[in-house]
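Below is one structure, written out as structure tokens; the observations come after it.
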Amino acid sequence: MKILRKSGRATLLATGLAAALGATAGLANAAETVVMAVPTFLTGAGAPAFGVPARNGAEIIIEAINKGKLPAPYNNSGKGLAGRQIQALIYDESGGGVKQVAEFRNKVQKQGVDLFVGYISSGTCAAITPVAEELKMLTIFPICGTPRIFEEIDKNPKYVFRTMGHATADGVAEAMYVKANMPDVKGYTGINQNYAWGQDSWRDFDLAMKQLMPNVPVSEKTQWPKIFSGQYGAEISALMLSKEPLVHSSLWGGDLEAFIFQGSARGLFRKKKLLFSVADTSVYRLGKKAPAGAILGARGPYGIFAANVDTPLNKWFRKVYSDRYSTPPVGGSYQAAQGVLAAKYAYDKAASMNGGKFPSKDQVIAALEGATFQGIAAKVHMNRSNGHQAATKHMIGVLAWDKEAGGPIMTKVQEFGPDCVMPPPGVNGTEWLKGGMKGAKC
Amino acid sequence: MQELIVILIDGLVFSSYLFMVSVGLTVIFGVMKILNVAHGSFYAFGAYMSATLIGAYYNTDLPEFGGFLAIFLAALIIGVFFGIVLERGLLRFLYHRDEHIIVLATFAMFLVLEDVLMMIWGTDPYYAYEPMALLGAVDIVELTFDVYSLTLIGLAVIVGLGLWLGLTRTKWGKLLLAVIFDREISQAMGINVTVVFTVTFVVGAIMGALGGAYIAPTISVSPGIGVEVIVLSFAVVVIGGMGSIPGAMIGALLVGISRAAAVHKFPEIELFVIYAIMALVLAIRPEGLFAPAQARKI
Amino acid sequence: MRYIDKTVVGLTIAFLVLFIADFFMAEWVRFIGLQSLARGAVALGLLVLWRTGLVSFGHALYFGFGAYAAAMLTLIGYHDAFLLVFAGTLAAGVLAYLLGFLLRRYRAIFFALLNMAFSMILYGVIVKTEELGSTDGFSVLTPTFLGYAPQGEAVQTTLFIFTLVFTYIITVGVHLYMKTTLGGMSMAVRENEIRVEYLGYSAEKVIHVKYVFSGLVAGFGGAIMALAIGQVDPDSMANWTVSGEFVFITILSGIGNVGATYIGALVFELIRTYAFEYAPQFWQFILGGSLLAIIMFLPDGIWSLFSRLRRSEKAPSP
């Protein structure tokens, strides 16, 4: 009898738990809305550099879509996604791939999410891809960089899209820029964080340099500081003592800013030419402290590179963003906004092909596959990996301080076409680089 | 030769950094036997407070060198406030519990404080580079060093010596040693252990905050800086021997100079230096290089 | 029959209920359940150690080692869940056996920290290994079960039963072991080691055995986690914060009962899930706050709630 009574309590507890769990389910899809989950870094080191700018960019676009106030070419497309309002679920991407997979399942199965537009870290994207395919969930990665997503993890994606170029394009564009603008460079070295993104960035840049400038020697002592270490005294000494004049770096966020403070104090940027692959995240914030004369990338035509793009969409975006957050949008803001626009484009197009009725998920996917749509800063061509991987033009330039405007600007900007820096469809990025970048249209 | 000197300087600067970020942890552990994970929060709060005060200071027309006062003021404010609030408000209720419960409680405090930090200062980074810019640079063996980082060496020496002398040469220090040696007997002899604990915790918290406050001008004060410091300071303290101030100093020197040598000679292995030294020390002398002797309980 | 007590009966009932429930559960509930079983198993190992008075702040070492060992086997073409989980468990166990010779000499906070130090070394090695995806980790393909290759939802359903069976066996096994002489020695070591040695037992050996066991189950949990999530990465498998979470779960559960670790793990998952949902920017605050509340107000863990209930029932009415 005792045992019975005990298990009775257990059952009670279980029922209580189940009730508590079930309480929130089924709330989400009540109204005629599209539930869009937007995971991005809200806490930790990734937040100020990427996460929060990305959230801000996405929010502005989502609001404008819901009010039907997007400028051309989206001005005549009505309110919402194919007429339905977006209900955005913005949440934190921190905590590693495993936690995010768990959260992904929660959002899909518990909160009835219709699509995901988000994820910044390559690690999270890599972890999410198989699950998104398994759960048949439309997932748009607006930012993450690793080429492995469609080259190794899923070669035949059906539900997962990425709406910007991947990291290989960054390395190629940087090397091409060096070749065009520093033909006599005597050698190059690097300082990259010792984790996946730093290792990948350096590998692609190094491979591209070996192809494009085979006679330029690479240092044997490239620097690999631990990520988030924040102290670069010894590394800066080593770089200043090295004989190579060009330094490649994929540092970002707090690490980048610390490196710049410590390097400036010691005259590193007068002595060496720095090439920062994602430093656009910090230029506005650093203001005059940003090292003028350094070569800069923004992983595409985003952020500061789009400062003078004269389209209604871009001018509107920059104005709304700057007014609201009192700083211009950076790369992450553009990229996240571009991801949301991809959803807007796909839902509207699918609806028009469906006779104006709200489209099914498969119709939305079909509409986005292989599409070309207008991002904030540039045209996005979804023409790699069966139409799931985007290619856009790429830009690299030299940072300068504009005295008149009192802000940072890009000078000596060089543009690279999408088919110049991205590997051709169906070709593995690393092999493409090693094979001499055959088929690149520059 | 030039390289050797540069390695030595870089190594000393990094060692001083390590010592400054780990000394607060050592002080608290040495006396109270509490492994304080919230130490990372003291560091982060110190850095944010320092950046805020420095920013405010340089908005005024006061003499430029006064900015340095802001650093120490920040450490004092944070250390005293959090030291008293956490020790009196929370930890004292847990002294009779298992030590790992206390560790976990400080871990919980760390989680909470991480978010409190964000509620106060938001996610945007803060800069406070003025003190570093103010001190300028100096050339040693034909290489430019920034003076601010070099002053870190001086600070570490002063703090290390001060704490060590305070512990071995003053009456207060002797009381502390008595408490460290045997808490119950000390109490029986009339030492007010409660006050000793509170003061120690506050001193440790000030030290933790001072680490962050002094480093703040050289970094971007942004979310997540506290987490890194926890791992780093644990490693230094484990290597040096938990709770020993000379140990923390030797541990910091060992790691700092080896790391600088690795950066200059074999940058590929930089990440491993600290782990490798830790593994080596653990394998040979797992209680750390300078660990105080432990009595077995009977 | 003397082996069958209330705990065994309770565990068996829970096992049967969950077994049947598996076929009706919402997918996300099953997924949380699966994670709770995996983390609960690790906490069970910690519980066994805790009974001897030792707490490890580094069991992410064995969790991560087991996960990576299983995941790496999939890279070279093995996909059978039995093989993967066995290999992960064994690999972690062997590692624990080797490190045990060193660690069994240490007590209290030194023991806790040495474990943490070793787990950080593993973390460093993984981050440095580009072939294993560094911080990004790599994907683990869907496992097969002795030739049966489920698709879609059946993958998780099968994996849940697979995990359930093994955790049931492990948990009942631990419970019965605790009642043997060597098992009962735990508390004795915790209370007074030297007296144990005067009785003719080696305290170090007792500790070593428990340590290897805790390594085995942590490896088991890690391997299950790798299969359940389909991904391994160092930040969520081998970082020190992961070790902290395990200790969190152990304290949440309390020392009282082997089954409590799974309830503790479930409560942990639920707190985190709902904190993520309702306070996306401040979930750490909620997690830390709940932990503090439990430490302050439920010093003996969730299990003490049950004990209190029982006690109040028995209390004579005035």
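Restricted to segment B:128-161, and to residues there that are open to solvent by 40 Å² or more (accessible area, probe 1.4 Å) and among the small types (Gly, Ala, Ser), the residue that is modelled with the lowest pLDDT is B:Ala133. Checking each residue in segment A:343-358 for being open to solvent by 60 Å² or more (accessible area, probe 1.4 Å) and of a type in the set (S, T, N, Q) picks out only A:Ser352.
Comparison of A:Gln199, A:Gln231, A:Gln223 shows that the only residue that is touching a Leu at 6+ places or on another chain (Cβ under 8 Å), at the interface with another protein chain (Cβ under 8 Å from one of its Cβ atoms) and either open to solvent by less than 20 Å² (accessible area, probe 1.4 Å) or without any contact (Cβ under 8 Å) to a residue 40 or more places away in the chain (or both) is A:Gln223.
For every residue, the table says whether it meets (1) closer than 26 Å to C:Gly230 by Cα; (2) among the hydrophobic types (A, V, I, L, M, F, W, C); (3) surrounded by 22 or more Cβ atoms within 10 Å (Cβ to Cβ).
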{"residue": "A:Pro39", "(1), (2), (3)": "yes, no, yes"}
{"residue": "A:Gly57", "(1), (2), (3)": "no, no, yes"}
{"residue": "A:Tyr74", "(1), (2), (3)": "no, no, no"}
{"residue": "A:Ala82", "(1), (2), (3)": "no, yes, yes"}
{"residue": "A:Ile90", "(1), (2), (3)": "yes, yes, no"}
{"residue": "A:Gln100", "(1), (2), (3)": "yes, no, yes"}
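A:Asn194 falls short on exactly one of the conditions (1) touching a Lys or Arg at 6+ places or on another chain (Cβ under 8 Å); (2) in a loop (DSSP other than H, G, I, E, B); (3) within 14 Å of chain B (Cβ to nearest Cβ); (4) open to solvent by 20 Å² or more (accessible area, probe 1.4 Å), and that condition is (4).
Going by the conditions given, is A:Lys361 in contact with a helix residue (DSSP H, G or I) (Cβ under 7 Å, 6 or more places away or on another chain), at negative phi and surrounded by fewer than 23 Cβ atoms within 10 Å (Cβ to Cβ)? In short, no. Of the residues B:Ile269, B:Ile250, the single one that is within 12 Å of chain A (Cβ to nearest Cβ), in a helix (DSSP H, G or I), out of contact with any Ser or Thr (no Cβ under 8 Å at 6 or more places or on another chain) and hydrophobic (A, V, I, L, M, F, W, C) is B:Ile269.
Quick one: would you say A:Ala102 is within 14 Å of another protein chain (Cβ to nearest Cβ) and assigned to a strand (DSSP E or B)? No; evaluated as a whole, the condition is false for this residue. Flag set for B:Val221, criterion: crowded, with 24+ Cβ neighbours inside 10 Å, within 27 Å of A:Phe41 (Cβ to Cβ) and within 14 Å of chain A (Cβ to nearest Cβ).
Across segment A:403-439, the number of residues qualifying as over 18 Å from A:Asp206 (Cα atoms) and open to solvent by less than 40 Å² (accessible area, probe 1.4 Å) comes to 7.
Has segment C:166-180 got any residue that is part of a helix (DSSP H, G or I), open to solvent by 10 Å² or more (accessible area, probe 1.4 Å) and within 14 Å of chain B (Cβ to nearest Cβ)? No, every residue in segment C:166-180 fails to be part of a helix (DSSP H, G or I), open to solvent by 10 Å² or more (accessible area, probe 1.4 Å) and within 14 Å of chain B (Cβ to nearest Cβ). Counting the residues of segment B:83-102 that are more than 7 Å from every other protein chain (Cβ to nearest Cβ), open to solvent by less than 40 Å² (accessible area, probe 1.4 Å) and in a helix (DSSP H, G or I) gives 5.
Of the residues making up segment C:103-161, those that are at pLDDT 85 or above and part of a strand (DSSP E or B) are C:Phe138, C:Thr144, C:Phe145, C:Tyr148.
Determine if segment A:168-176 includes at least one residue that is closer than 17 Å to A:Ala126 by Cβ, in contact with a Pro (Cβ under 7 Å, 6 or more places away or on another chain) and in a loop (DSSP other than H, G, I, E, B). Within segment A:168-176 (the criterion being closer than 17 Å to A:Ala126 by Cβ, in contact with a Pro (Cβ under 7 Å, 6 or more places away or on another chain) and in a loop (DSSP other than H, G, I, E, B)), the answer is no, since none of the residues qualifies.
If we scan segment C:187-204, do we find a residue that is open to solvent by 10 Å² or more (accessible area, probe 1.4 Å), more than 13 Å from chain A (Cβ to nearest Cβ) and under 18 Å from C:Thr171 (Cα atoms)?
no
Can you tell me which residue in segment C:16-25 is most open to solvent (accessible area, probe 1.4 Å), limited to those that are closer than 15 Å to C:Leu266 by Cβ and modelled with pLDDT of 85 or more? Restricting to residues being closer than 15 Å to C:Leu266 by Cβ and modelled with pLDDT of 85 or more, the top hit is C:Val17. Within segment A:291-323, restricting attention to residues that are of a type in the set (Lys, Arg) and surrounded by 16 or more Cβ atoms within 10 Å (Cβ to Cβ), the residue that is farthest from the chain's Cα centre (by Cα) is A:Arg318. Set side by side, the residues A:Ala127, A:Ala88 differ, and just one is closer than 18 Å to A:Gly57 by Cα, in the same structural domain as A:Ala350 (by TED's automatic domain parsing) and either in a loop (DSSP other than H, G, I, E, B) or touching a helix residue (DSSP H, G or I) at 6+ places or on another chain (Cβ under 6 Å) (or both), which is A:Ala88.
The values are calculated or read from the model by the stated rules, or taken from the named source; none is laboratory data. Values in this document were obtained by computation on a predicted structure and should not be read as measured data. When we count neighbours, we look across all protein chains shown, and the Cβ atoms used for this are built from the backbone with ideal geometry, even at glycine. Surface areas here come from the heavy atoms of the whole protein model, side chains and all, with no ligands, DNA or RNA. Shrake-Rupley method; radii C 1.70, N 1.55, O 1.52, S 1.80 Å.
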